[in-house]
Amino acid sequence: MIHSRITGTGSYLPGDPVDNTALIADKGLDSSDEWIVERTGIRTRHLAPAGVAASDLALVACRRALEAAGRQPNDIDLIVLATSTPDFVFPSTATILQDKLGITNGGAAFDLQAVCSGFIYALATADKFIRSGSHKRALVVGSEVFSRILDWQDRGTCVLFGDGAGAIVLEASETPGIHATALHADGRHRDILAVPGHVCGGQPIGDPLLRMDGQAVFKFAVKVLAEVAEEVIAAAGMTKEQIDWLIPHQANIRIMQSTAKKLHLPPEKVVVTVDRHGNTSAASIPLAFDEAVRSGQLRAGETALLEGVGGGFTWGAALVTL
Ligand code: ACO
């Protein structure tokens, strides 16, 4: 039986960290470091300079993941890239990335849009491609320049997000790395987190910036993250006690702590990057995963529960042994 397994990870954050005080001063916000830290856990975030696109961030993250896996770009026959801030409407950011990496083997490459659940959707998709036998080696990527769709006058949203990219190399293997995945969506909740307009030919049509009902998102996230964690553990035939690490979407420290409590996991078993990265949407889970691997937290043979929730609404989880 064919399984899929993570063989390398990489990530990239653009520029220097911008702390709350500097952001507040730069954007002229009526806010404070205390308010942001207390409500969200966020202290700093990275913001991509003008002209830097999602494919540029993804390129560095992917090169690092390939190096960690001991693979060359043309070893990759599938790219699944999750983003809500693509370089263009089309071509896909995945094909731009494929070209920048110098991949010429004609492998498949496509974007996937599930907002902050994007990486979990991408991982589940690549896992199914590999287990079907159609593809052998995938780059699974989350890359975002969320700073481009923020309303810098809206203190309730602009302090929450950051830019970055994370990637993994996922390969066919005889031993299971991805034990189970679960994906869900409920479009009835699409209005509580949305970019209701868009930009066409450089002109805004409607309202092209992120809008959010923070409290509704908070309640929804806490509920579905607990449910999908139980679901994916049961689907894998495992128990909560077998989970070494929780690597959740990094939106808000209070949401993450609530999920950990429901899983009876102590806070030190939760990988936290939201304090330094803010919410990087589809990039947040692979960024945290890479940091956990490179810092020596997550070791070979250990099992991590990955889970995300985001606009749509979408949510999902994956149970992974490194
Ligand atoms: N600084 C100071 N005051 C602020 C700020 C800010 N940056 N933002 C909002 N406020 C004010 C509001 O205007 C409001 O003032 P008022 O009482 O005078 O009207 C007050 O703070 C309370 O506002 P609430 O929205 O009720 O604050 P809440 O405690 O709900 O915290 C927050 C807001 C942090 C957004 C919270 O709702 C949250 O974290 N929700 C989850 C949203 C999330 O994580 N989204 C990420 C994208 S979705 C995802 O990734 C899953």
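The values are calculated or read from the model by the stated rules, or taken from the named source; none is laboratory data. Note that the structure is predicted; figures quoted are calculated from it, not measured. When we count neighbours, we look across all protein chains shown, and the Cβ atoms used for this are built from the backbone with ideal geometry, even at glycine. For the accessible areas, the whole protein counts, side chains as well, though only heavy atoms, and no ligand, DNA or RNA atoms are used. Shrake-Rupley method; radii C 1.70, N 1.55, O 1.52, S 1.80 Å.
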Can you compute log10 of I(q)/I(0) for the range 179-321 with the Debye formula, treating each Cα as one identical point scatterer, at q = 0.12, 0.16, 0.21 Å⁻¹?
-0.50, -0.83, -1.30
Could you give the semi-axes, largest first, of the ellipsoid that matches the chain, computed as the square roots of 5 times the alpha carbon gyration tensor eigenvalues and rounded to whole Å?
28, 24, 18
Lys and Arg at +1, Asp and Glu at -1: add these up for the other residues within a Cβ distance under 12 Å of residue 136 and post the number.
+1
If ligands, DNA and RNA are left out, what is the accessible area of residue 100 with a 1.4 Å probe, given in Å² to the nearest 10?
80 Å²
Using a 1.4 Å probe, how large is the accessible area of residue 116, given in Å² and rounded to the nearest 10?
10 Å²
Considering the options 52, 29, 288, tell which one lies farthest towards the positive end of the dipole of the chain, charges being +1 on Lys and Arg and -1 on Asp and Glu at the Cβ, about the Cα centre.
288
Which shape class, rounded, prolate or oblate, goes with the range 3-174 when its Cα gyration tensor gives a ≥ b ≥ c as root eigenvalues, a/c under 1.5 marks rounded, and past that a/b bigger than b/c marks prolate?
prolate
For the range 110-123, in residue order, the Karplus 3J(HN,Hα) values (coefficients 6.51, -1.76, 1.60; θ = phi - 60°; whole Hz; Gly and Pro = x) are 8, 8, 9, 10, 9, 6, 6, 8, x, 5, 5, 4, 5, 5
Förster radius 25 Å - calculated FRET efficiency between residue 153 and residue 219, Cβ distance, rounded to 0.05
0.45
Which ³J(HN,Hα) values in Hz, rounded to whole numbers, follow from the phi angles of the range 149-159 under the Karplus curve 6.51 cos²θ - 1.76 cosθ + 1.60, where θ = phi - 60° and Gly and Pro get x?
10, 8, 8, 6, 8, 9, 5, x, 10, 5, 7
Would you mind computing, in nm to one decimal, how far apart the modelled labels at residue 191 and residue 294 are, each placed 7 Å from Cα along Cα→Cβ?
4.2 nm
Would you kindly find the accessible area of residue 240, with a 1.4 Å probe and non-protein molecules such as ligands, DNA and RNA excluded, rounding to the nearest 10 Å²?
50 Å²
For a label point 7 Å along the Cα-to-beta-carbon line of residue 3, residues of the range 212-240 with backbone N under 19 Å
232-240
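Report the relative contact order of the range 179-321, percent, no decimals, based on alpha-carbon pairs under 8 angstrom and at least 6 residues apart. Kindly include the intermediate steps, with their values, before the conclusion.
Details: 239 pairs, mean separation 51.0, N = 143.
Relative contact order comes out at 36 percent.
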Calculate for the chain the 222 nm mean residue ellipticity that helices alone would give, adding -39,500 (n - 2.57) per DSSP H run of length 4 or more and normalising by residue count, nearest 500 deg cm²/dmol.
-10000 deg cm²/dmol
Taking 0.36 nm per residue of sequence separation and subtracting the Cα-Cα distance, how much length would be gained by fully extending the chain between residue 35 and residue 200, in nm to one decimal?
55.8 nm
Given +1 on the Cβ of Lys and Arg, -1 on the Cβ of Asp and Glu, and no further charges, what dipole in debye does the chain carry about its Cα centre, rounded to the nearest 20?
420 debye
What ³J(HN,Hα) values, in whole Hz, does the Karplus curve 6.51 cos²θ - 1.76 cosθ + 1.60 give for the range 130-136 when θ = phi - 60°, with x put for Gly and Pro?
5, 5, 6, x, 6, 9, 10
Relative contact order (%) - the chain, alpha-carbon pairs under 8 angstrom, separation at least six
26 percent
Once amide H atoms are placed 1.01 Å from N in the peptide plane, what residues at a sequence separation of 5 or more from residue 109, or on another chain, have their amide H within under 5 Å of its amide H?
79
Within the chain, count lysine pairs with alpha carbon atoms under 20 angstrom apart where the residues are 8 or more positions apart or belong to different chains.
10
To the nearest Å, what is the center-to-center distance of the range 222-246 and the range 65-81, using C-alpha atoms only?
29 Å
